[in-house]
Structures are given as structure tokens and as C-alpha cells.
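I have placed the structure first, in the form of C-alpha cells, so that the comments after it can refer back to it.
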Amino acid sequence: PPGNAGRAPGPPDGGWGWVVVFGAFISIGFAYAFPKGLAIFYKEIQDFFGTSYSEIAWVSSIMLATTYGAGPISSILVNRYGSRPVVIFGGLLCGIGMVSAAFCTSILQLYICVGFITGFGLALNLQPSVIIIGKYFLKRRPIANGLAMAGSPVMLCTLAPLNQFLFDNFGWRGSFLILGAILLNCCVAGALFRPIGAATASVETQAIKQGKDALKEEVTRDAMEMSSPMNVPMETRREVEERKECCEKINQYLDFSLFKHRGFLIYLIGNVLMFLGFFAPIVFLAPYAKHIGIDEYSAAFLLSILAIVDMIARPTTGIVANSKWVRPRIQYFFSFAIAFNGACHLLCPLASDYTGLVIYSVFFGLAFGMVCAMLFETLMDLVGAARFTSAVGLVTIAECCTILLGPPIGGTLIDTFGDYKYMFIKCGAVMVLAGTFLFIMNCYNYRMLAKEEKERKAKEEDPKSVRTENEGRNNWNKETMRDGPEMEPLREEQEGLNKEVNGT
């Protein structure tokens, strides 16, 4: 075949990629905004089933935790089938989950239908949408990610007043039926995810497979020739080969060697800590407004204000992050955004009226948009596009534990103290701590990378170190092969092998 046949095409950085960004805008928007928009119904569902704040908070927690925890499954499905069918199937699951929730008769059934089924469908929308943007964009990737992530505030801005309108006219059961139909639009978004370079990728995969088969035959033949003098059992060799093949299959879908990557581990620890206080303030913002005497539509409008600011903040953050001053040190910018988010929550208890909550929503929307716009861009900056699919899967399954516990811990604090301010203080303190940790550890990581790069260049430029290693190896060989009566048989055998090789 010609030289370019097996070569994968580069990211087009435009063209159909912008249609893909629009599809990702819809999928990511529903995946992030839907769990927050459901908070409008929580007060009424709580009264209907007679549950506490912590019990009703588990609905959003299970949904968010399933969305993040199913990340590895989503990554495996994307690697196996591609982004398009996975997103379409996820849209169908979302619709089925919400329609089923309309007929629930207990809070436990809501956990299953809304939390697990709809949450799993949203997971199959989120991961493929983020992954396919990395395949279509390289130079403009921060801008494309920022535009796609703007889907979350746009959807939240729409869903908050829409949910209140649906509840007033159809009740929460009728609203869930309509929302299930609306979520089927994720199937339309998935249809836009046209695979990139399918033909060349198949040629490349076939060539790699043929090369692996040839190499495996050669290794097996050599092993059989060497088996008789070495007395290695054939069964043991087969077991080793099967174990290696199993590990290769697992590593093909999830690259566990990332846990040896210093930057990935820093990102993982910081994000796991951050998500302990990331979603709870949004879940309880509308109930908090109702708690201090604000009417339902004004409380829902706070989420719309947050979403409008968030909508502007995400693409703006993408443009700033793509600049030549910020992109080389984007990890510092990400750390600042997390700490800024935490500072907003720490100051929220000072807002005791509607004006104060509006100001809080504006700053919270700005900080929230900054974090979300860089959430996946910083991970891709650390591990690269080739390992990004595995990295997303591993990160999301680690984050799901703190996402699951965050809102219920906040609800428990509200039930215990009868006040929302302790929940906001807890979330703010955790996020400030996470931002500080990421800033310090990224500073250390950048210094270590610079030091390692300097040492590598010094080794390449200085041939003395290579020559010294070779001389040391030769001296060791000479010493081990010294003339002596006890070494004579080994020396003769070595000379015979050399003659055989030369003859061959």
C-alpha cells in the first residue's frame, strides 16, 4: 500500500468539527445541567414522600455519581464502538429512566430510575462528547472545549424556569414524562458525531494486527527451539502468554500505567477532593432561597442567573486558556479557578436577602464556568490526546465517591443544624484546600519536569557518559571471562557460539 495508507489523519481543527461541537454542546449540556435542574422539584417531592433533606439529596448524588462512576464503561464502549452509537444509546436510556420515574411510588424507586438509569445514560453522553472533540481539534481545542462546555449553563438557564413551569401545570409526574421526551434529543446530538478517519484507522489496525501475529509466531518458534535445553514446561509458557494477552486486552481499554504518571496523580487527588464540595451548593441554592422566604420563580431564576454568567464564562475562559501566556501554565489557572470557587461559597452565608443571593449567583457562575471549561483540557494537557480516553475513565470512577457523598453530607449538615450556612462553609473550605493543593503540587511537577528535561538534554549532548557506560560494560565482560581453569569450559562454549553465529 502507499505510504499514507496506514497513517491516521490529523485533527482538521474546523469543518465538520464545529457540527461535532454543537452535538457535544447538547450532550454535555444535558449531562451536567439535568441533575442540577431537578432541584426545582425536590421541595415538593420531599413533601410528597415525607423525606428529609439528606434523603432527597441522594437522588442528585446517585445520578451524579453514576454519571462519573460509569466513566470507565463509557470509555471502553467508545474504544470498542465509537462515540456515535454510545451517545445514541445513552439518550435512549435517559428517556426510559425519566419516563419510568413518573410512575414511582417510593423514594427508593426514584433512586433507581432517576439516579441509576438516567445517570448511566448521561454518562454515555458525557464521555464520548469530550473524547470526540479531542479527535477533531488540536490547535483550537481549548476554544472548542469551552464552547462545548457552554452547553451546561445554556441548558441550566433553560431548564430551571422550564421545570418550574412544567411543575405548575403538570405536577412533578407529568414533568418527568415531558423531560424524558426532551432527553431523547441526545440521540439526535449523537447522530452528528461522524467518525473521523475510519478507513485509514482500519488499515492501520489491520497492519498492526498482522505485525503482531508475525511477531508472535516468531517468538513461539524461538521458544520451541530453546525449550529442550532449558527444560521449560510448555504449559507454563502458555499460561504466561495467556496472562500477557489478558493484560494487553485490559490495557487496550484502560491504561493503568497512568497511575505511575506524576501529573495524573496530582490531578486525580486534587479533583477527588474538589468534588466533595463542587455540586452541593447548586443542588441546595433554590431550596435555600425558598427557605429564607423567596418565592418559587425567583428562586428558580437564581439558577438562571448562575447559568447565564456561566454561559459567558466558559467560552471566555477557553479563549484566555488558549492564549500564549496562559496555555503553557494552564494548571495554575485551573488551581486559581477552584480556589476562587471555594471563596465564593465561604462568603455565601453573608447573603441574607435576594439581592445578596443574586450577587452570589453571579460570582458563583463565573467561578463555576472557569472550572468546568478547563476540567478536561487540563487533563489532556497532562496525559496527551493518546491516553486521554483511559484517563477520563479512571478519573471519573475515582471522583464518583466524593460526588456521591457531597450533597448528602450537605443535607445532613442542614438537618443537624437547621441552617444552610454550615453546608456552604464546608463546601468552600474543601474547595479552597483543593485549589491550594493543586497549585503547590503543580509547581513541584513543573520544576521536576524542567529538571528531567535538562538532565536528558545534558545526557544527549555529552557523549562521555555513553562512552563510559560502554567501557564499563566491556571491562566487566573481560573480568568475568578471565583466563582460568574453572572458566575454560565456558570460554570454549562462548567461542563455539561465536563461530556458529559467524557461519550463519
Based on a Kirkwood Rh over C-alpha pairs, give the Stokes-Einstein translational diffusion coefficient of the stretch 12-196 at 4 °C and viscosity 1.567 mPa s in µm²/s. 79
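Could you sort 389-396, 444-451 so that the peptide with the highest average Cβ count within 10 Å comes first and the rest follow in order? Mind dumping the intermediate values first?
On the way: 389-396: 23.9, 444-451: 12.2.
Top to bottom by mean Cβ count within 10 Å: 389-396, 444-451.
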Full-extension gain between Thr316 and Asn185, please, as 0.36 nm times their residue separation minus the C-alpha to C-alpha distance. 44.5 nm
Using only alpha carbon pairs under 8 Å that are at least six residues apart, calculate the relative contact order of the stretch 12-196 and give it in whole percent. 43
Distant alpha-carbon pairs in the stretch 255-461 (separation over 24 angstrom), percent: 45
In square angstrom, rounded to the nearest 10, how much accessible surface does Arg80 have for a 1.4 Å probe? 140
Before anything else, pin down the relative contact order of the stretch 66-149: Cα pairs under 8 Å, at least 6 apart, normalised by residue count, whole percent. 40
In the structure shown, do any of Lys36/Lys139; Lys36/Lys324; Lys324/Lys451; Lys260/Lys454; Lys260/Lys324 have a Cα-Cα gap over 27 Å, and if so which? Lys36/Lys139; Lys36/Lys324; Lys260/Lys324
Report relative contact order for the stretch 255-461 in percent, whole number only (criteria: Cα-Cα under 8 Å, sequence separation at least 6). 39
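Using a 1.4 Å probe and counting only protein heavy atoms, arrange Ser257, Ser54 so the residue with the most accessible area comes first.
Details: Ser257 50, Ser54 25 Å².
Descending order: Ser257, Ser54.
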How big is the charge dipole of the stretch 255-461 about its Cα centre, in debye rounded to the nearest 20, if each Lys and Arg gets +1 on its Cβ and each Asp and Glu gets -1 on its Cβ? 780
Considering only protein heavy atoms, what is the solvent-accessible area of Met155 at a probe of 1.4 Å, reported in Å² to the nearest 10? 30
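How would Ile414, Ile308 rank on accessible area, largest to smallest, probe 1.4 Å?
Numbers: Ile414 5, Ile308 75 Å².
Highest to lowest solvent-accessible surface, that is Ile308, Ile414.
Arrange the residues Tyr68, Tyr111 by how much accessible surface each exposes, largest first, with a 1.4 angstrom probe. All intermediate terms of the calculation are to be shown ahead of the outcome.
Details: Tyr68 5, Tyr111 35 Å².
Descending accessible area places them as Tyr111, Tyr68.
The values are calculated or read from the model by the stated rules, or taken from the named source; none is laboratory data. Because the structure is predicted, anything quoted here is derived from the model rather than measured. Virtual Cβ from ideal backbone geometry, glycine too; neighbours counted across all protein chains shown. Ligands, DNA and RNA are stripped out before the accessible areas are found, and what is left, the full protein with its side chains, is counted by its heavy atoms. Shrake-Rupley method; radii C 1.70, N 1.55, O 1.52, S 1.80 Å.
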